[in-house]
Amino acid sequence: MENNRRDFLKLSGITAIGLAASGIGWEATREDSTGSATSSRNSIHIQDLPSGFKAVIKHLLSKDPKYWNTDWDGTMAIEALLSWKDRGVPEALEYAKQWLDFHIEHDNKLNDTEFYNTYSGPDARVIRGKYLPFTMYSGFFGLPFPCYHIYRSTGDERAKQTCLDVASAILHVAARDQRGLVLHDDGVRRGDSINFFTIPDTMYFVTKALMIASVLDDKTGEVYRDQAIFQIKTGTSFYLDNEKNIARTVLYPNGVGNTFWCRASGWLSYALSGVLRFLPENHPEFKNLANELKRLADGVTKFQGLNGGLHVLVDQPETPEETSGTAMCVASIKEAVGKGWIPDQYDQFLEKGWNFIKKNVSDNGSITQVYTGWAIPAEERRIMMDQSNQDRGWIPAVVLNAAL
């Protein structure tokens, strides 16, 4: 997912990415099977944030909306902004609408090669949706996340259709491994063969996109939901280690990898939360998935570092404590406890983790102690701390999500 093969290229032509927010964009309300709001966890207002977190949001809003692409760097940034629109950042909605308008007007004019140059991931098959193109690289499966919020807030049918276009492509077009799990990408890069691996972040983007479609499509919503549940159950059965209760980094054709990368547990927690958020609590799989999230919460609690962070390789305390994976797990566990999905027994983990995160966000919004590689370097035990442009959207986003 976090493929750094190409320098990130932006549609605006600016040469350096600004600090931004992305991530799962925790909703203020839980969604039931029809997409209606049910219960809410305690809301936090922007005024309650430490100064560094306010600076992150302010910097995001300072960028031209077209600055952000429609790959996960852009979509997660826009979704994170939308998470704060009812928490003292009402301008986030207009910002997101301008982002969507720009890409609908602009992106279909690009040929495949030009479209590849708008993002940093692999050159997978291009799908021409009704309003927006995307590729079968799983980073694009986050496109429904901000579009769903835009549709719910404005009724924009273009946003709704985009959610359904992506989910339909996942259901009918996406390449899969021998277990039926959607692959990281379909390997249609120039001169490359297919990459038969999948990682927890792929499962997150796949399952949440399918669950969004399940509450938007009256005719085939159940089909999308069933596929999401298949993906999350099958993936979790491989990723979540039965002894350590933390997530493996990668799944190859011949089995799981050898390491327990911090963001693997973060992405798995996001995936489980992303499904539970849209799944009716009376669904027969709800308790099972909540229990898997509890197992993961137990695991990361056990391996939490002395300073409150998860180590880059979670079970190897000689590796650095890391901000982004810690923030992801803090956000997911906090939501799960707040909504009653798992027992309220993680106060120490959450408090220590939150304090660790706050220490690594300076007053001007810069974020440190971040592993800036992706899954495969982590599997190869290459420690890459703060080495790439941390202004890519996902870094401050996961931090902002931990604050909600």
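The values are calculated or read from the model by the stated rules, or taken from the named source; none is laboratory data. Bear in mind the structure is a predicted one, so any value in this text is a computation, not a measurement. Here the Cβ positions follow ideal geometry from the backbone for every residue, glycine too, while neighbour counts run over all protein chains shown. Protein only, heavy atoms only, side chains kept; ligands, DNA and RNA dropped before computing areas. Shrake-Rupley method; radii C 1.70, N 1.55, O 1.52, S 1.80 Å.
What are the residue pairs meeting all of these: first residue in the range 210-235, first residue closer than 23 Å to residue 159 by Cβ and hydrophobic (A, V, I, L, M, F, W, C), second residue modelled with pLDDT of 95 or more and open to solvent by 10 Å² or more (accessible area, probe 1.4 Å), Cβ atoms under 6 Å, and 6 or more apart or on different chains?
Short answer, once both residue conditions are applied: 210/224; 210/227; 213/164; 213/224; 216/160.
Does residue 78 satisfy the criteria of being open to solvent by 20 Å² or more (accessible area, probe 1.4 Å), of a type in the set (A, V, I, L, M, F, W, C) and part of a helix (DSSP H, G or I)? Don't jump to the end; show me each part of the working.
Numbers: open to solvent by 20 Å² or more (accessible area, probe 1.4 Å): no; of a type in the set (A, V, I, L, M, F, W, C): yes; part of a helix (DSSP H, G or I): yes.
Against the criterion (open to solvent by 20 Å² or more (accessible area, probe 1.4 Å), of a type in the set (A, V, I, L, M, F, W, C) and part of a helix (DSSP H, G or I)), residue 78 does not qualify.
For the range 166-179, which residues satisfy the criterion of being open to solvent by less than 20 Å² (accessible area, probe 1.4 Å), assigned to a loop (DSSP other than H, G, I, E, B) and touching a residue at least 40 places away in the same chain (Cβ under 8 Å)? Step through it out loud before you land on a result.
Kept after step one, since they are open to solvent by less than 20 Å² (accessible area, probe 1.4 Å), are these residues of the range 166-179: 166-167, 169-170, 174, 177.
Keeping just the survivors that are assigned to a loop (DSSP other than H, G, I, E, B) gives 174, 177.
If the condition is that a residue be open to solvent by less than 20 Å² (accessible area, probe 1.4 Å), assigned to a loop (DSSP other than H, G, I, E, B) and touching a residue at least 40 places away in the same chain (Cβ under 8 Å), then 177 is the only one that fits.
Of all the helices (runs of 4 or more DSSP H) wholly in the range 320-386, which have at least 1 residues that are more than 17 Å from residue 201 (Cβ to Cβ)? So that I can check it myself, show each step before the final result.
Values: elements: 323-338, 347-359, 375-379.
Counting at least 1 such residues, we get 323-338, 347-359.
Might you let me know whether the range 280-288 holds any residue that is crowded, with 22+ Cβ neighbours inside 10 Å and either out of contact with any Ser or Thr (no Cβ under 6 Å at 6 or more places or on another chain) or in a loop (DSSP other than H, G, I, E, B) (or both)? Reasoning before the result, please.
Going residue by residue through the range 280-288, those that are crowded, with 22+ Cβ neighbours inside 10 Å are none.
No, the range 280-288 contains no residue that is crowded, with 22+ Cβ neighbours inside 10 Å and either out of contact with any Ser or Thr (no Cβ under 6 Å at 6 or more places or on another chain) or in a loop (DSSP other than H, G, I, E, B) (or both).
Pairs only if they're at least six apart or on different chains, beta carbon under 6 angstrom, first in the range 363-392 and under 10 Å from residue 261 (Cα atoms), second of a type in the set (Asp, Glu) and assigned to a loop (DSSP other than H, G, I, E, B); list them, first residue then second.
Cβ pairs passing all conditions: 374/2.
Looking at residue 139 and the list (1) open to solvent by 10 Å² or more (accessible area, probe 1.4 Å); (2) assigned to a helix (DSSP H, G or I), which single condition is not satisfied?
Residue 139 satisfies every listed condition except (1).
Please work out if residue 194 is of a type in the set (A, V, I, L, M, F, W, C), modelled with pLDDT of 95 or more and either over 17 Å from the mean Cα position of the chain (by Cα) or not in a loop (DSSP other than H, G, I, E, B) (or both). Don't jump to the end; show me each part of the working.
Working: of a type in the set (A, V, I, L, M, F, W, C): yes; modelled with pLDDT of 95 or more: no; either over 17 Å from the mean Cα position of the chain (by Cα) or not in a loop (DSSP other than H, G, I, E, B) (or both): yes.
No, not satisfied.
Output the residues belonging to the range 91-133 that are part of a helix (DSSP H, G or I) and among the polar types (S, T, N, Q). I'd like the intermediate steps shown before the answer.
As a first pass, look at the range 91-133 and keep what is part of a helix (DSSP H, G or I): 91-109, 112-116.
Answer for the range 91-133, where residues must be part of a helix (DSSP H, G or I) and among the polar types (S, T, N, Q): 98, 108, 113.
Looking at the range 84-127 only, could you name the residues that are of a type in the set (Ser, Thr, Tyr) and over 16 Å from residue 65 (Cα atoms)?
Taking the range 84-127 as the starting set, the residues that turn out to be of a type in the set (Ser, Thr, Tyr) are 95, 113, 116, 118-120.
Those that are of a type in the set (Ser, Thr, Tyr) and over 16 Å from residue 65 (Cα atoms): 113, 116, 120.
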